[in-house]
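Student: Attaching a single structure in structure tokens format; questions to follow.
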Amino acid sequence: MIRCVVFDFDGTLVLSNAIKRDGFFAVAADFPGGTETMEALLASPPGDRFAIFRAFAASYGAKPDDLASQYGAWCEDKILACPERPGATELLAYLQQQGLPVYINSATPQAPLQSVVAKRYGKGAFTGVLGGHGCKVRNLNTILNIENLSPKDLLMVGDGRDDHDAATEISCNFVGIAGGTLAATTNHTPLISILSELRLP
């Protein structure tokens, strides 16, 4: 029986995957040859947004923290206005009616993630909002500890390979969403596009 549901954010609850990528080029466009430099970096990213901007800034004598802040502000404005994934409102309302704790588990740095979630959904819409590049497994374990659950009680919902891999690592339930990096895998079960079609395992 599922006793807690955890969502990825970008691409899962809101259709923001393209925004996150476009933001890098919006910042890079202010530099000569910046688009090409950023394209090369994103082809094999050195890490999270901060690592990407450190590498980019080294080519131009810029301040990486300033570039990362500019990127964050650009993305936040767009994400606050972008469409939600169809069925998201209905599913979140249903889970609230069922009294289930609902979390967000994202690779976005935690502070900007919490800011955009609070502005988009209001405070208290989620039991917890956890972020951090490469931290999805750790975040799931944190949720298990907070809620005093076993992995079989937890459902992770996401559109990325990292979402699936994190769920597999801790042996919790998983539902895949169409449109993200998970869609490129050929050995995955069918993905859903409309969140309100989700049925709790």
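Bear in mind that the values in this text are calculations on the coordinates, not laboratory data. Source: prediction; values computed, not measured. Positions of Cβ are backbone-derived with ideal geometry, glycine not excepted, and every protein chain shown enters the neighbour counts.
Student: Express the Stokes-Einstein translational diffusion coefficient of the chain in µm² s⁻¹, to the nearest whole number, given a Kirkwood radius over alpha-carbon pairs, 20 °C and a viscosity of 1.002 mPa s.
Tutor: Reported coefficient: 122 µm²/s.
Student: If you line up the long axis of helix 88-98 against the longest principal axis of the chain, both from Cα atoms, how many degrees apart are they, to the nearest 10?
Tutor: 40
Student: Over the chain, what is the mean sequence separation of C-alpha contacts under 8 Å (at least six apart), divided by residue count, expressed as relative contact order in percent?
Tutor: Answer for the chain is 27 percent.
Student: For the chain, modelled as a GNM with alpha-carbon contacts under 10 angstrom, which of 30, 163, 153 fluctuates the most?
Tutor: Result: 30 has the largest fluctuation of those listed.
Student: Place a label point 7 angstrom from the Cα of residue 196 along the Cα-to-Cβ direction, then list the residues of the stretch 77-109 whose backbone nitrogen is under 17 Å away.
Tutor: Only 83-98 fall inside the zone, counting backbone N under 17 Å.
Student: Which of the pairs 63/119; 20/119; 20/136; 78/123 have their Cα atoms more than 24 Å apart in this structure?
Tutor: 63/119
Student: Counting other beta carbons within 10 Å of each residue's own, what order do 78, 123 fall into, fewest first?
Tutor: Ordered by Cβ neighbours within 10 Å, fewest first: 123, 78.
Student: Please give the contour-minus-distance gain from residue 125 to residue 1: 0.36 nm per residue of separation, less the Cα-Cα distance, rounded to one decimal in nm.
Tutor: Contour length minus Cα-Cα distance gives 42.4 nm.
Student: Continuing with the same structure: Cut-off under 14 Å on the C-alpha distance; same-chain residues fewer than 8 positions from residue 152 excluded. Which aspartates and glutamates are left, in chain and number order?
Tutor: Once the sequence-local aspartates and glutamates are set aside, what remains near residue 152 is 169.
Student: Run the simple label-point estimate for residue 58 and residue 141 please: 7 Å along Cα→C-beta, distance reported in nm.
Tutor: 3.0
Student: Roughly what angle does helix 161-170 make with the longest principal axis of the chain, taking Cα atoms, 0 to 90 degrees, to the nearest 10?
Tutor: Between the helix axis and the principal axis of the chain, the angle is about 50 degrees.
Student: Counting other beta carbons within 10 Å of each residue's own, what order do 69, 171 fall into, fewest first?
Tutor: 171, 69
Student: If I stretch the segment between residue 90 and residue 169 completely, what's the gain in nm (0.36 nm per residue apart, minus their alpha carbon distance), one decimal?
Tutor: Contour length minus the Cα-Cα distance gives 25.5 nm.
Student: Could you let me know the centre-to-centre spacing of the stretch 129-167 and the stretch 1-34, using Cα atoms, in angstrom?
Tutor: 18
Student: What nm distance separates the two modelled labels at residue 118 and residue 183, each placed 7 Å from Cα along Cα→Cβ?
Tutor: It works out to 3.3 nm between the two label points.
Student: Per 0.36 nm of contour for each residue apart, how much would the distance between residue 36 and residue 111 grow if the chain were fully extended, relative to their Cα-Cα spacing?
Tutor: 24.0 nm
Student: Please rank 172, 82, 75, fewest neighbouring Cβ atoms within 10 Å first, as an exposure proxy.
Tutor: Ordered from fewest to most neighbouring Cβ atoms within 10 Å, 172, 82, 75 come out as 82, 172, 75.
Student: Can you work out the FRET efficiency for the pair residue 152 and residue 22, with r the C-beta to C-beta distance and R0 = 45 Å, to the nearest 0.05?
Tutor: 0.70
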